[in-house]
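All remarks here apply to the structure that follows.
The values are calculated or read from the model by the stated rules, or taken from the named source; none is laboratory data. On a predicted model such as this, the values are computed, not experimentally measured, just so you know. Glycine also receives a Cβ, built like all others from the backbone with ideal geometry; neighbour counts cover every protein chain displayed. These area figures cover heavy atoms from the full protein model, side chains too; ligands, DNA and RNA do not enter into them. Shrake-Rupley method; radii C 1.70, N 1.55, O 1.52, S 1.80 Å.
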Amino acid sequence: MKLFPILLLLSSTIILSQTDDQKSIQELKNSIKNSEENFQDPDLVLNSNLNDDKKSVGLGIVYSLLLPGMGELYADSYGSGKYFTIADGILWGTLIGMSAYSSWQEDNYKTYAASLAGVVNDGNKDEDFYANIGDYTSVYSYNDQKALERNFNEMYDEQAYFWKWNTTDERRTYRDMWNSSETASNNIRFVVGSLILNRIVSAINAARLVSSYNSNLEEEVSWNFSLGFMSQPNLPTSLSLSVQKSF
């Protein structure tokens, strides 16, 4: 009978000892798990932030192609981009003004030819016809010249394409009006080319500025070193070295 209490006490001690060991092991696992969850790689965090702050060169180019200067604004360098925007506004104003002037001059010389040379403005006359009536006194003199040159396919129907200037001064006045309209029309092409060139130059400048912005962003990264002691529950104290990048 005395042996039974002794066995009971011994069994209880073993069970409690196993329970304490399991509890210690579980606490150790939880501690390691918490350490892993709280640990972050400084390099990974930095690279993520750095990529978020970088700007797209392609997007800067698209902005400048749509409106010169906007790519520079996107790159935080509108100081140079504003000149492209101003130039674009001036060119658009010039284009509108020249288009209106050219159209007005075209209406003038066609009306002048109809009233003084008998030209019928029926919409069937091309640009070459209105250029030719400024060089020849009448459709008859024009056809005679083309017959001499044996360019019969360039001769006009004298009824449908009739014109006849009364004096040389009338023809010269018409010729000056036609030249003025053609000059304005040619200048329009020059302005359109300038608009395209302004966008190309702005896009190149925007690409350069965005690249410079991203390069400066990378150069601003610095290293931070820290040394300390780290203690974990149920583990011996250890030496900790931390290396981080920061802006």
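Taking 0.36 nm per residue of sequence separation and removing the Cα-Cα distance, the Ile200/Phe162 pair yields an extension gain of 8.9 nm. Ordered from longest to shortest, the equivalent ellipsoid semi-axes for segment 114-193 are 24, 16, 13 Å, each the square root of 5 times a Cα gyration tensor eigenvalue. Note on surface exposure: Phe190, Phe162, Phe129 rank Phe190, Phe162, Phe129 by accessible area, highest first, 1.4 Å probe.
Ordered by 1.4 Å accessible area with all protein chains kept, Tyr140, Tyr74 run largest first as Tyr140, Tyr74. Near Ala206, within a Cβ-to-Cβ distance under 13 Å, what is the net charge of the other residues, with Lys and Arg +1 and Asp and Glu -1? Local charge sum for Ala206: +2.
Using the Karplus relation 6.51 cos²θ - 1.76 cosθ + 1.60 with θ = phi - 60°, the per-residue 3J(HN,Hα) values for segment 132-142 come to 5, 6, x, 9, 10, 5, 7, 5, 5, 5, 5 Hz, with x marking Gly and Pro. Averaged over residues, the count of other Cβ atoms within 10 Å places the peptides 61-68, 195-202 in the sequence 61-68, 195-202, highest first.
Taken one residue at a time, the phi angles of segment 153-166 give Karplus couplings (6.51, -1.76, 1.60, θ = phi - 60°) of 6, 9, 6, 9, 5, 5, 8, 6, 10, 6, 7, 7, 7, 6 Hz. Gly and Pro are set to x. Think of each Lys and Arg Cβ as +1 and each Asp and Glu Cβ as -1; about the Cα centre, that makes the dipole of segment 115-167 roughly 180 debye. Residues Leu209, Leu148, sorted by accessible area with the largest first, give Leu148, Leu209 [1.4 Å probe; ligands and nucleic acids excluded].
In segment 55-128 the Cα-Cα distances spread across 5 Å bins starting at 0 as 3, 14, 15, 12, 9, 7, 7, 7, 8, 8, 6, 3, 1, 0 percent of all pairs. Distances over 28 Å make up what percent of all Cα-Cα pairs in segment 45-193? The proportion of pairs with Cα distances above 28 Å equals 48 percent.
Charged neighbours of Tyr101, selected by a Cβ distance under 13 Å, balance to -3 (K, R count +1; D, E count -1). For Asp128, tell me the accessible area in Å² from a 1.4 Å probe, rounded to the nearest 10. Result for Asp128: roughly 100 Å² accessible.
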